[in-house]
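See below for the structure under consideration.
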Amino acid sequence: MNRILVVEDEERIASFVAKGLKAEGFTPTVVGDGITGLDYALTGEFDLMVLDIGLPGLDGFAVLTRVQAERPELPIIVLTARDSVTDTVTALEGGAADYMSKPFRFAELLARVRLRLRSTAAAT
């Protein structure tokens, strides 16, 4: 069973994502700020992270940079309301495995989660 860290400060979205992931057999853990998200991501207990950019405490770009420096094998899917080309390129070049803009369809997020987990499993 894959453990997924969801770092999202909007409670409604975090709950929706966690509920959907749990229904699909994943074990989600939700945190609502960047500092806690970074701490959890660095534990090594998670197989994938879904990361918002606009977070309190430490923004998603800073979390992405730190996680990539210390746990580059952890796939990160950025899920954010920020949809500019600059933000997308910054995240992908910063090491994100994928980038999705809000609003989003859960089925698409789920497909991307499964793809990233398969890719990670095949690489190991």
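What the table shows:
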quantity	calculated
Failed item in (1) farther than 21 Å from P28 by Cβ; (2) assigned to a helix (DSSP H, G or I); (3) modelled with pLDDT of 95 or more, with G95 passing the rest	(2)
The range 100-124 residues that are touching a residue at least 60 places away in the same chain (Cβ under 8 Å), paired with ones that are in a helix (DSSP H, G or I) (beta carbon under 6 Å, 6 or more apart)	F106/G20
Residues of the range 12-42 that turn out to be in contact with a strand residue (DSSP E or B) (Cβ under 9 Å, 6 or more places away or on another chain) and over 20 Å from D83 (Cβ atoms), as a count	20
Those residues of the range 14-70 which are in contact with a Pro (Cβ under 9 Å, 6 or more places away or on another chain), open to solvent by less than 40 Å² (accessible area, probe 1.4 Å), not in a helix (DSSP H, G or I) and not small (G, A, S), in sequence order	L48, M49, V50
Residue satisfying all of: in the range 18-36; in contact with a helix residue (DSSP H, G or I) (Cβ under 7 Å, 6 or more places away or on another chain) and in contact (Cβ under 8 Å) with a residue 40 or more places away in the chain; farthest from L55 (Cα to Cα) among these	E24
Within the range 1-13, considering residues that are in a loop (DSSP other than H, G, I, E, B) and touching a residue at least 60 places away in the same chain (Cβ under 8 Å), the one least open to solvent (accessible area, probe 1.4 Å)	E8
Which numbered condition T88 misses (of (1) in contact with a Pro (Cβ under 9 Å, 6 or more places away or on another chain); (2) in a helix (DSSP H, G or I); (3) open to solvent by less than 50 Å² (accessible area, probe 1.4 Å))	(1)
Given (1) open to solvent by 70 Å² or more (accessible area, probe 1.4 Å); (2) modelled with pLDDT of 95 or more, index of the condition R82 fails	(2)
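The values are calculated or read from the model by the stated rules, or taken from the named source; none is laboratory data. The structure presented is a predicted model; accordingly, all values stated were derived computationally and were not measured. Using ideal geometry, Cβ is built from the backbone for each residue, glycine included, and neighbour counts are taken over all protein chains shown. Accessible surface areas use protein heavy atoms only, side chains included; no ligands, DNA or RNA. Shrake-Rupley method; radii C 1.70, N 1.55, O 1.52, S 1.80 Å.
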